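This report concerns only the one structure given below.
The values are calculated or read from the model by the stated rules, or taken from the named source; none is laboratory data. Here the structure is a predicted model, which means the values were calculated and not measured. With ideal geometry, Cβ positions are generated from the backbone for all residues, glycine too; neighbour counts draw on all protein chains shown. Accessible surface is based on the protein model in full, side chains and every heavy atom, while ligands, DNA and RNA are left aside. Shrake-Rupley method; radii C 1.70, N 1.55, O 1.52, S 1.80 Å.
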Amino acid sequence: MISSVELRRVAAFSDLQDDQIEWFLSHVQEVFLHAGDAFVQQGDPADWMFIFLEGLFQWRGEFGGETVSLPAQAGDVSGVFPFSRMKRFTVTGRALTVGRLIKFPAALFSELIQRMPELTTRLVGMMSDRIREGTRIEQQRDRLVSLGKLSAGLAHELNNPASAAKRATDQMRYTLAKMRRANSELWRQPLDDSSKARIEEVEASLLQSGETPLDGLALSDLEERLDSILRSHWHSDSWEMSAALAKCNMTPDTLTSLLAHLDSSTARAALVRIAASADLSSLLKAIEGSTARISDLVRTVKEYTYMDQAPVQDVDVVRSLETTLDTLAHSLQPGIKVQRAYEPVPLLVNTVGTELNQVWTNIIENAIDAMPGGGELRVRAFCENDYVVVEIGDTGPGIPPEVKPYIFDPFFTTKGVGEGTGLGLNTVQTIVKKHGGNIQVSSKPGDTRFQVWLPWADPIEFGKRLNTEPREHSKTPIKS
């Protein structure tokens, strides 16, 4: 039988009165465990509070699709506490070593509250700490999940231009080798100044034309016409050369004129050089476009994370929204159309930029998830009184009326196991309230809207800017 001296070694009981200790011990059950023994199973009724006396223990369960383990040791108090709403244990408790514990029945909590008010206060504090720690762990996991999704999307977005640039550089090596061979052939030909000038003129005109590339049918028709001209001048590889010349938009008249000035061998080398020059120019443009896209992605990430910027600053809400949309571009299915409606004045909010982006990210991701078959994502920003208002809407099925009152509750989620932690909208609400704002939601089938209201950074200054030129993304406001 456990003694009062042993129970007082547990911090929560160390200074309690003797009669309280005696009453408590008269209602506990002592349990001896071997390593691996379970003292409670996941799903069991939450009927016991546990006080660990000897050994090492572990709580283990599934949270958000992941297995989480929490250690416990001699001196810890765990299980269900007074005022807890837990009905069943969500984890399994096991002994990691030979151990000993006592358990107190939850059925006697009402009497415990009356007889041991000081212990009750301590137990409520422990429960609060446990809730905070659980919330912190879930929030950290939620951030890591979001970071993983953004990283995966960024990797995908970076891979496309990087692969395109690599393909272009590989093709450039082949094209440069072909141009060197053509140049070597030309140098061996007896070219007069007039012929050199004609070759350079044709090459320069093709490189500087800036014409839109031909589509499939027009390109095929041009190839046939160029091929016919080349065959008439006894060029054996006319099909390959005609394809290269058509690709750089050489006209039949230009080709006929050039062949009239040059002999067969000189003409062939000149045409190979011209086609290679045009191909190199096209490849360089492809590399420029790919590297520009990579640079834009890096800029977007820096803006999204507010890298190298002050933590708290006046944040342009529209720019913040656009940065978030760019960051989430990989999540926008082809069937989702984005509609923007931004008021043409600077909408600034004094805030932590990364937190504001987290608000937009969570709401927009929920909107995207609500439209798996496609729809409209509506993003609107405007000013009302002394507030900046951001409205994000979708054309999904809507939020069920029985669910709507709970969407901002921590750990509440309608998603499947492993798909959501239930902290997304709770985090949104926490951030918005932290900045002196509020969030409202209206929902019906085909029209769900979240409105975030945040105080203007300087409403007086905004009043002076009402004649500001419209923003690049400004469009007709979305009608209610």
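If Ser69 meets every condition in (1) closer than 23 Å to Ser4 by Cβ; (2) open to solvent by less than 80 Å² (accessible area, probe 1.4 Å); (3) free of Cβ contacts under 8 Å to residues at least 12 places away in the same chain apart from one, which number is that one? Answer for Ser69: the failing condition is (1). Note on the stretch 436-448: residues that are surrounded by fewer than 19 Cβ atoms within 10 Å (Cβ to Cβ) and either at negative phi or assigned to a helix (DSSP H, G or I) (or both) total 7. In the stretch 72-86, of all residues being surrounded by fewer than 17 Cβ atoms within 10 Å (Cβ to Cβ) and of a type in the set (A, V, I, L, M), the one that is nearest to Ser3 (Cα to Cα) corresponds to Ala74. In the stretch 265-280, the qualifying residues are those that are among the hydroxyl-bearing types (Ser, Thr, Tyr) and under 18 Å from Ile229 (Cβ atoms), and the one that is most open to solvent (accessible area, probe 1.4 Å) is Ser265. Filtering the stretch 407-425 for residues that are at pLDDT 85 or above and surrounded by 12 or more Cβ atoms within 10 Å (Cβ to Cβ) leaves an empty set.
Of all residues in the stretch 332-391, which are among the hydroxyl-bearing types (Ser, Thr, Tyr) and open to solvent by less than 10 Å² (accessible area, probe 1.4 Å)?
Taking the stretch 332-391 first, the residues among the hydroxyl-bearing types (Ser, Thr, Tyr) are 342, 351, 354, 361, 387.
Within the stretch 332-391, Tyr342, Thr351, Thr361 qualify.
Glu384 falls short on exactly one of the conditions (1) under 27 Å from Lys434 (Cα atoms); (2) out of contact with any strand residue (DSSP E or B) (no Cβ under 9 Å at 6 or more places or on another chain), and that condition is (2). Considered as a group, the residues in the stretch 224-236 that are in contact with a Leu (Cβ under 8 Å, 6 or more places away or on another chain) and either modelled with pLDDT of 80 or more or aliphatic (A, V, I, L, M) (or both) include one that is surrounded by the most Cβ atoms within 10 Å (Cβ to Cβ), and that residue is Leu226. When restricted to residues that are part of a strand (DSSP E or B), without any contact (Cβ under 8 Å) to a residue 60 or more places away in the chain and open to solvent by less than 20 Å² (accessible area, probe 1.4 Å), the stretch 12-48 contains 1.
Contact map, the stretch 258-276: residues that are over 14 Å from Met241 (Cα atoms) paired with residues that are open to solvent by 60 Å² or more (accessible area, probe 1.4 Å) and among the small types (Gly, Ala, Ser), Cβ distance under 9 Å, separation 6+ or inter-chain. Pairs shown: His261/Ser194. Just for the stretch 168-183: of the residues that are out of contact with any helix residue (DSSP H, G or I) (no Cβ under 7 Å at 6 or more places or on another chain) and either open to solvent by less than 30 Å² (accessible area, probe 1.4 Å) or among the aromatic types (Phe, Trp, Tyr) (or both), which one is farthest from Thr291 (Cα to Cα)? Here the residue is Ala177.
Between Arg122, Arg115, which is open to solvent by less than 80 Å² (accessible area, probe 1.4 Å), modelled with pLDDT of 75 or more and in contact with a helix residue (DSSP H, G or I) (Cβ under 8 Å, 6 or more places away or on another chain)?
Checking each option against the conditions leaves just Arg122.
Arg60 falls short on exactly one of the conditions (1) open to solvent by 70 Å² or more (accessible area, probe 1.4 Å); (2) of a type in the set (D, E, K, R); (3) over 41 Å from the mean Cα position of the chain (by Cα), and that condition is (3). Could you say whether any residue in the stretch 75-90 is part of a strand (DSSP E or B) and touching a residue at least 40 places away in the same chain (Cβ under 8 Å)? Among the residues of the stretch 75-90, at least one is part of a strand (DSSP E or B) and touching a residue at least 40 places away in the same chain (Cβ under 8 Å), which makes the answer yes.
Just wondering, is there one or more residues in the stretch 87-101 that are open to solvent by less than 50 Å² (accessible area, probe 1.4 Å), polar (S, T, N, Q) and under 15 Å from Met126 (Cβ atoms)? The answer is no; no qualifying residue exists.
Of everything listed in (1) at pLDDT below 75; (2) more than 30 Å from Pro71 (Cα to Cα); (3) open to solvent by 80 Å² or more (accessible area, probe 1.4 Å), the single unmet condition for Leu144 is (2).
Looking only at residues of the stretch 237-264 that are closer than 16 Å to Thr175 by Cα and surrounded by fewer than 17 Cβ atoms within 10 Å (Cβ to Cβ), we find that the one that is modelled with the lowest pLDDT is Glu240.
Output the residues belonging to the stretch 192-219 that are part of a loop (DSSP other than H, G, I, E, B), modelled with pLDDT under 75 and of a type outside the set (A, V, I, L, M).
Correct list: Ser209, Gly210, Glu211, Thr212, Pro213, Asp215.
Return yes when Ser84 is of a type in the set (Gly, Ala, Ser), closer than 30 Å to Ser14 by Cβ and modelled with pLDDT under 90 and no when it is not. Yes; evaluated as a whole, the condition is true for this residue. Could you check, for the stretch 15-29, whether at least one of its residues is of a type in the set (A, V, I, L, M), farther than 22 Å from Asp129 by Cα and out of contact with any helix residue (DSSP H, G or I) (no Cβ under 8 Å at 6 or more places or on another chain)? Yes, the stretch 15-29 has at least one match.
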